[in-house]
Amino acid sequence: MTMGQDRVRRTPALDVHGAFIRRTNLDGANLQGADLSRADASGAFFRNADFKGARLVGTILKGADLTGAVNLTERQLASAVLDEQTRLPAYIDRTKLFTRTASAD
């Protein structure tokens with residue numbers, strides 16, 4: 001494979017840092033390597049989305065639905081802004097997450 005072919009096959013990661021994406025439906029989206037830092041995604045839908053390597057620093061996820069999301073880590077979520085209405089994937093322990101976030105303040 002030549003260098004030019006490699007460029008053609010790679011899709012750039014989504015970059016919506018700082019964007020207003022409230023109530024946007026991103027169900028099933030491939031967000032691998034995406035930059036959602038400082039985006040306002042309040043009430044957005046991310047069901048079954050892939051967050052591998054996604055940047056969520058300061059991302060507002062209040063009321064967002066992340067059920068079924070894959071490759072989402074507690075570390076990523078600890079850098080985001082959540083509330084009690086944020087729906088998390090079953091494998092994320094909300095109590096550990098909020099304990100970790102509170103102890104970091």
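Does ALA64 fit the bill of being at pLDDT 95 or above, crowded, with 18+ Cβ neighbours inside 10 Å and in contact with a Gly (Cβ under 9 Å, 6 or more places away or on another chain)? When the stated conditions are applied, ALA64 passes them. Hey, can you tell me all the residues within region 51-72 that are assigned to a strand (DSSP E or B) and within 17 Å of ALA39 (Cβ to Cβ)? Those that are assigned to a strand (DSSP E or B) and within 17 Å of ALA39 (Cβ to Cβ): ARG55, ILE60, ASP65. The condition (being surrounded by fewer than 24 Cβ atoms within 10 Å (Cβ to Cβ), more than 10 Å from the chain's Cα centre (by Cα) and not in a loop (DSSP other than H, G, I, E, B)) is satisfied by just one residue among ARG47, ARG38, ARG75: ARG75.
The residue pairs whose first member lies in region 60-78 and is in contact (Cβ under 8 Å) with a residue 12 or more places away in the chain and under 17 Å from SER42 (Cβ atoms), whose second member is in a loop (DSSP other than H, G, I, E, B) and of a type in the set (D, E, K, R), and whose beta carbons are closer than 6 Å, counting only pairs six or more residues apart or on different chains, are LYS62/ASP83; ASP65/ARG47; THR67/ARG47.
The values are calculated or read from the model by the stated rules, or taken from the named source; none is laboratory data. Every value quoted in this text rests on a predicted model; they were computed, and no experiment measured them. In this analysis, Cβ positions are derived from the backbone assuming ideal geometry, glycine residues included, and neighbour counts consider all displayed protein chains.
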